[in-house]
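The values are calculated or read from the model by the stated rules, or taken from the named source; none is laboratory data. Keep in mind that what you see is a predicted model, and the values were worked out from it rather than measured. For neighbour counting, all protein chains shown are included, and Cβ atoms are generated from backbone atoms with ideal geometry for every residue, glycine included. Accessible surface areas use protein heavy atoms only, side chains included; no ligands, DNA or RNA. Shrake-Rupley method; radii C 1.70, N 1.55, O 1.52, S 1.80 Å.
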Amino acid sequence: MGPPPIVTGVSPKEGPPGTRVTVRGEFLGKTASDLSGLTICGCDCLLSAEWKSPNKIIARSGPGKGKGEILVTTRSGGRGTSTVEFRGYHEMIGPMKESAVWVEEAPLRKMWWGRRGLTPTTYQHDDPLGISIEGVEQKFPEDGLHKLFPGGSGDLSSENFAAGWFLLERHHATPFDDLRAGLAFLRRKVDGQKEGQLSFIKSNVGSVMEQLDTLAHLKERFEEDVEKQGQDPTIRLEAAIKESMLEANKLFEDVLSRRERADATRSALAVLQRFRFLFGLPGAIEKNIKKGDYDAVINDYARVMNLFGNTEVPVFKKVLAEVESRIAQLRELLHHRLEDAPTTLEAQKKLIRNLVNLEVGGDPAWDAISCHSRHLAATMIQCRDTHLTQEQTALEEGGKTPKSSKSKGASSSNQNTDWQASVPARVLLTEELADTISERFPDFWKLGQAYFTGELQVKVVPGRQQDFKKLVLAGISLFSGLLRAALMPHTLVKTPAAERASYGVWHSRGMEGLGPWLPHCLRALRQGYSSLIRLDLPSEVLDIVASLIFDLRVHCMSTLMKQAGESIRNLHTQESWNIQFDGEHGGITHLPAECERVVAEALQLAKDSVLLADLRETPLLESNVVQRDLNNLILNMLLGFVEVLDKLALGSDAMAGDSLGASQMIGSPSIFRGSDSVMDKGRNKDKETGPAWEQRLLSVLSNIEYTKCVLLPRIADLFARYQLPAQTGPLAAVNKALAELDQRVLDAYLEQRSDPLVGTIEPSMYIGNFNWDTAVKPADVRPYVKELLTNLISVHSEVHSISPGLVWRVLPQLVETVAEELARLMVCLDRKFNVHGTEQACADIAAIREAVQVYSTPTAEAFFDEALEAVPRLSDTQGKKNVETVLNHFRSRMRLQLMCFRDPKGTRNPS
Amino acid sequence: MKKPNQQPALHKVIMVGSGGVGKSALTLQFMYDEFVEDYEPTKADSYRKRVVLDGEEVQIDILDTAGQEDYAAIRDNYFRSGEGFLCVFSITEDDSFQATQEFREQILRVKNDENIPFLLVGNKSDLGEKRKVPLSEATGRATQWGVPYVETSAKTRANVDKVFYDLMREIRSRKMEDNKPGNSRGKDKSKRKKLKCVIL
């Protein structure tokens, strides 16, 4: 208890009701709520009190009048004391008076409107002396008055009225004359009042008498009543009430007793009903179980346990035991059903709820979850086994029946005819697994979610979250593992052996023919994946599948590319050697077009199924490894085409028995071309392998050219169109390989052509025992020159017929060789020329030189010069003239042949 | 605290002076060690507390009056009950100093006693730089009246206790003088009369 409050100051120390008073002192309360009471002059002012500090409170004074203490009460200090006093006085406020106090106007106005009569003038206290004291501020201190008139009062209506007090209080400032006038006024007033009373009675004497009569009459009547009824008139009434109560009770007694009986009967019936229910319960349970209406059983069970759970009656106990055993059976049954083949999610949830309601021990929900997980795994394993055996049988059968057709089936047509039967088991497995996952897994997951969100009304055992996650992970891992084992065994190399075995080992032979199905598998897998994504699974789980899909996409892509490569490599079997011309690039076979088609197809497939990233998949080509692989694959694919070309041109198959011997030409040099074509035709008939080797070489050359100039840019375009990264590396490599092949093929062709050509020069030169030493005057160039030119023309035509552009690559080389041979022959003669021989030689060389001038090269020119050097100089003008004559003759006679060597406009390839 | 058997002596002090010179501020500072910044004209406030004056417990009753002229008429009543007066002016306001003359005269008239305990107080001594009433003038008037002059600051509490205690001592000694029978009082009375005659 703290010190009691003490008030030591008040500001102001007096005032009319409602004055704002500042109370000061000590211990006036620690907080605003500590202040529990405040009275000023005996009036409670707590309501208006405003606690400022322990030294200061502001309040409004109450209606108390006179001097009084200011008492503060606090919870901590109790009731306090005061050393100062407040004096309340009632100010008379008229319309002329300035007042510091707010005059309440509302009640005034109400009076004004409510009942007339209380005008401000009557409201004012009339001064008995009729003197207004308004505006007189000075007040005579009350203390002084008390001292002067002990026991007196200034109140006119008081018994202790002291006239001196009154005068001092009200009129101590009134001049003496005014007081006298006031006295006169008072006198008049008193006289008037006396007069007034009397006259009032006089004028109303009639009604006064009437009133008196009425009073007398009333008294009379009352006395009469008392006489009649006695002193207390309520006794009779009481008796009547009591009697009626008795009557009423009698009336209702009947009804009440009937109701009681009815109640008793009803409760008896209820008891019977209950017993019947109990005794009939075992049967009902059995029936309901049979019907599958487990909810009803559980309801009944709960009810019976409520009603009879605590019974002591032996018969009831016996029946209850019966019921219990039925329920136990039901529990067993439900549990069994739960662990049995998975039903729908809802059914399972219902089963779990039933089990929970039956207060089965353990954790049925968790059992269901783990059972579901086990079942999922079992289904997948079973699925694997089925298809594994199926494939094995298929393989074994394949081993017996013509196997080649089956293994080759990837590209051959019989795949299409009976594909239904020959869908690889692994593909079926993939489809089935994906289906399983997308059908079963959501149920499993939702069950788990329901378990953890408390939807199953089961208390979740801590740590189960982790276990559940493990189960989910295990399920998905198994799924992924099985698929990997079936589709991509190579990705499982690093997994432990035991785990690896659990995913099933597939025979490597089964991998063949799987390629075309991979996109299909991918699609199935993606469907499963999308159903998983919708489940809002943890990312760890999704990542497993995502990585599986990624790997499968990579695998699929590489398989596709490999396939394309293979089919490109197989293209050589399809070469028909049909030359097609297009305006720009000369003749080509259909191989490049085939190649382009294959590449385009592969890319289209890859694009459709693999490269496009699906939901929650990374773009395949973001990975560097994948991109490198892709580069390699594409390089391989294109190199495959190079190989095909190589094989076609230089393969042992192409060369076999297809050499043109020189002897043939010596024998029939003049019909070189004809015999050649005849031979070709003969060979064609014999072997049916298309045109002559040289022609094929030319075709290949042309194809190479075409590939370089047209096909590769087109393939690059294809990449661009499928939004694949530009394959500059592989294309450059292919270009290089092509260039090298081109050179080789060209060399082979040149060798093939120049050997016989050059070989025929010497024999033909000396045909008919011609000798440069004993020559006669030349009339014409020698036949060997013509033959040589004819041969060149035939080569020219052969090349031109396939690819005009090639002429410029082939003929200059040939010309060089011919010039070299000519030089060699001339040098060998060791200047054993007679005059005519010299003329002849000069004419021959000049003729050849002139004829092939268009295709001549500096090297060839050098050889021609060398040949001319070897021939002795023409000594006289006659000889030169002769040579000129011969040449002219040659020109005119061989005009047609010479025209062949002219530069036909536009064929010259600037490169 | 139980009521002591004997009520301690009660000294009634009255604060007079023009409006706004700091009468209430001095009072509150003395009573509650509190300096009130905001100005709110006083009507008439009453304070009373026990203090120890020279080892003797006494009660001081302070009547804080209104300085405004509006209330001049009711001053007489208050002055009648006062035993000692603190006549306050503000040293920063010459008018308030001039008004002290009027107050002095009114008090003497009401009390009819030349030697009534009376202190001339120059308040707001902390505002020295705004001083309008020279110290010499104030002391001069005090000597003329035969009363002490003290400069105070309600804000810094300088000399606040001093003025109240000095006045109480004067009141006490006056009371002791009055209670003494014999010539001293008569002497005083004659003295008073004499002085009164001078004024008249």
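Points worth noting:
- Sites residue A:717 and residue A:751, calculated FRET efficiency, Cβ-Cβ separation with R0 35 Å, nearest 0.05: 0.45
- Burial of 30 Å² or greater, the stretch B:23-52 residues [accessible area, probe 1.4 Å, versus chain by itself]: B:32, B:34, B:43, B:44, B:45, B:46, B:47, B:48
- Carbon and sulfur %, accessible surface of the stretch A:218-308 computed with the full protein complex present, 1.4 Å: 56 percent
- Listed residue (A:237, A:281, A:218) projecting farthest to the positive dipole end of the stretch A:218-308, Cβ model: A:281
- Distance (nanometres) between label positions extended 7 Å along Cα→Cβ at residue A:578 and residue B:33: 12.4 nm
- Virtual paramagnetic centre 7 Å along Cα→Cβ of residue A:861, amide N under 15 Å, in the stretch A:796-835: A:816
- Greater than 28 Å apart at Cα, pairs in A:446/A:607; B:43/B:111; B:12/B:43; B:12/B:124; A:30/B:49: A:446/A:607
- For the stretch A:767-901, with all protein chains in place and a probe radius of 1.4 Å, 55% of the accessible heavy-atom surface sits on carbon or sulfur.
- In order along the stretch A:81-88, the Karplus-derived 3J(HN,Hα) couplings, from 6.51 cos²θ - 1.76 cosθ + 1.60 at θ = phi - 60°, round to 10, 9, 9, 10, 10, 10, 10, x Hz, and Gly and Pro are given as x.
- Spin-label pair residue A:176/residue A:258, simplified geometry with 7 Å Cα→Cβ offset, distance in nm: 10.5 nm
- Length gained when the stretch residue A:30-residue A:378 is fully extended (0.36 nm per residue, less Cα-Cα span): 117.4 nm
- Signed unit charges on C-beta, dipole axis of the stretch A:767-901, positive-most listed residue A:826, A:776, A:846: A:776
- Counting only protein heavy atoms and using a 1.4 Å probe, the accessible area of residue A:859 comes to about 70 Å².
- Ranked by solvent-accessible area (1.4 Å probe, protein heavy atoms only, all chains present), the residues A:647, A:228 order from largest to smallest as A:228, A:647.
- Point-to-point label distance, residue A:22-residue A:877, nm (Cα→Cβ direction, 7 Å offset): 15.6 nm
- Potential lengthening between residue A:142 and residue A:370 on full extension [0.36 nm per residue; Cα-Cα distance subtracted]: 72.0 nm
- Cut-off 13 Å (backbone N to label point 7 Å along Cα→Cβ of residue A:530), residues of the stretch A:537-575: none
- Loop GluC sites (Glu not before Pro), the stretch B:1-68, which have at most 12 other Cβ atoms in a 10 Å radius of their Cβ (DSSP): B:37
- Segment residue A:452-residue A:195, extension gain: residue separation times 0.36 nm, minus the distance between their alpha carbons: 82.1 nm
- Loop-located GluC sites (Glu not before Pro) in the stretch A:718-810 (DSSP state not H, G, I, E or B) with no more than 14 neighbouring Cβ atoms inside 10 Å do not occur.
- Modelled FRET efficiency - R0 30 Å, residue A:53 with residue B:156, Cβ distances, 0.05 increments: 0.90
- Total accessible area lost when A and B pair, probe 1.4 Å, Å² to nearest 100: 1500 Å²
- Rounded to 5, the percent of DSSP beta bridges in the stretch A:6-88 classed as antiparallel: 85 percent
- The residue B:50 and residue A:187 beta-carbon pair, evaluated with R₀ = 56 Å, returns a calculated FRET efficiency of approximately 0.55.
- Note that chain B presents 51 Å² accessible area per residue, ligands and nucleic acids not counted, probe 1.4 Å.
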